[in-house]
1. Can you find even one residue in the range 268-275 that is more than 29 Å from PHE207 (Cβ to Cβ), of a type in the set (A, V, I, L, M), touching a residue at least 60 places away in the same chain (Cβ under 8 Å) and surrounded by 14 or more Cβ atoms within 10 Å (Cβ to Cβ)?
2. Would it be correct to say that SER57 is small (Gly, Ala, Ser), at pLDDT below 95, crowded, with 19+ Cβ neighbours inside 10 Å and outside the structural domain of GLY160 (by TED's automatic domain parsing)?
3. Somewhere in the range 294-307, is a residue assigned by TED's automatic domain parsing to the domain that holds MET185, under 15 Å from PHE271 (Cβ atoms) and outside any helix (DSSP H, G or I)?
4. For GLY226, work out the one condition from (1) in contact with a Phe, Trp or Tyr (Cβ under 9 Å, 6 or more places away or on another chain); (2) at pLDDT 95 or above; (3) under 16 Å from ARG336 (Cα atoms) it doesn't fulfil.
5. Looking at the range 244-254, is at least one residue assigned to a loop (DSSP other than H, G, I, E, B) and in the same structural domain as ASP184 (by TED's automatic domain parsing)?
6. Considering PRO231, PRO205, PRO259, which residue is of a type outside the set (A, V, I, L, M), out of contact with any strand residue (DSSP E or B) (no Cβ under 7 Å at 6 or more places or on another chain) and at pLDDT below 95?
7. So CYS96 ticks every box in (1) outside any loop (DSSP other than H, G, I, E, B); (2) within 20 Å of the chain's Cα centre (by Cα); (3) buried (at least 18 other Cβ atoms within 10 Å of the Cβ); (4) not small (Gly, Ala, Ser) but one. Which box is left unticked?
8. Which of the residues belonging to the range 232-278 are within 20 Å of PRO182 (Cβ to Cβ) and not basic (Lys, Arg)?
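The values are calculated or read from the model by the stated rules, or taken from the named source; none is laboratory data. Not measured: the values here are computed from a predicted model. Cβ placement follows ideal geometry from the backbone for every residue including glycine, while neighbour counts extend to all protein chains displayed.
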Amino acid sequence: MTGGCLLPTMQGNTATAIVWHCKRVLSECACVSDRLKLNKPLIPQPYSDSLDLKTASPLAGPGASQIVLKTIRAILISLTLKSNKDFRPTWFITGCSSGFGEQFVRQLRARGDNVIATGRNAETKLAHLKETGATILELDVTAPQEELNAKFQQAIDIYGGVDVLVNNAGYIQCGAIEELTPEDMKRSLDTNFHGPINLTRAALPHFRSKGEKGQGMIIYMGSQSGFWGEPAASAYCASKFALEGAVESLSKELGWLAPGIKPLIIEAGIFSTEVMRNINHVPYRVDFYRGLNDACRVRGEGNYRNPPGNAVDLIAKVIQIAKGEGIAEGKEIPLRVPFGSDSLGFLKEKARDMMRIAEEWEEVARSTDFPDHKGPMPDIPA
């Protein structure tokens, strides 16, 4: 061994022992490297001790085999940690012209991460982000699937891969259901539901290709409107409710087949962004709803001028969750994380209401079961 002998007391088949132990520990180090790239806590996976060390690697002195194992593990994990200090994850972010998207770009670039910032009319609307060093790409999330696939592949080619997809682009359409046209509803669904799902579809082959269990994170900037309906917000709520359901199903598919890929829904309340000023209000089509529409306009302007939530702080905490540090250190990350006292309050009220209904109507709900039914098929994990 060059550079000085680390274990001078070893005799016998030392080389065989080192090679064998290296093979055991390298898989452990690969796990460490993968967890670093996913920004997960450093908890190496257990390895098998089934091989007889005495016959496989005869060493001088009792316990020498364990000395070799522990020393090699320490050296290789140290080298793995050192090599990963320079690892810079790559983020693909939609809707970066302002608000949450812009904050993602600025905060991640300040950390030194690679960022691909996207948006419509990017040359002008994202020009203010060029000084951050982010890569700017033109992207309309309502584009056809083939175009989104090509755009995501372009992003992969820029840095050699993508580690995190952030579905942030959004569109708010306000108006009573009776006033909304099918075209109004379609615009909302295309941007808030089909866009994120189509981009997810574009990203999954790349994330699945990273190791046996896949690797990557998909963040969905959801809303309290994904679980709490409000008057004159049916188009927006419909798109966000749909997204919640689809991503919950996705999380179970990935949990079964590719557990290294993590979906995360951020259920945000009202925050200090431009979104409340950019609400699209339908024309006064039915006079019956004029008062409701007037109230929505007043409320939107009020929320814009006096928002309860700090967008800068929210994005800082979402990044901590994605990296498994700060507020997320040592925690199991759930599928959904609410942000804002308003969102949390609605979530608690919704949960209480659902539990009340379940308890009050339990007997009626069970009364329609076939008496000999054995429950759901066990081959699909819940």
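1. Scanning the range 268-275, I find at least one residue that is more than 29 Å from PHE207 (Cβ to Cβ), of a type in the set (A, V, I, L, M), touching a residue at least 60 places away in the same chain (Cβ under 8 Å) and surrounded by 14 or more Cβ atoms within 10 Å (Cβ to Cβ), so the answer is yes.
2. Working: small (Gly, Ala, Ser): yes; at pLDDT below 95: yes; crowded, with 19+ Cβ neighbours inside 10 Å: yes; outside the structural domain of GLY160 (by TED's automatic domain parsing): yes.
Yes: the conditions hold for SER57.
3. Yes, some residue in the range 294-307 is assigned by TED's automatic domain parsing to the domain that holds MET185, under 15 Å from PHE271 (Cβ atoms) and outside any helix (DSSP H, G or I).
4. So GLY226 meets the others, but not (2).
5. The answer is no; no qualifying residue exists.
6. On the way: PRO205 fails: at pLDDT below 95; PRO259 fails: at pLDDT below 95.
Every option except PRO231 fails the conditions.
7. Failing condition for CYS96: (1).
8. ALA232, ALA233, SER234, ALA235, TYR236, CYS237, ALA238, SER239, PHE241, ALA242, LEU243
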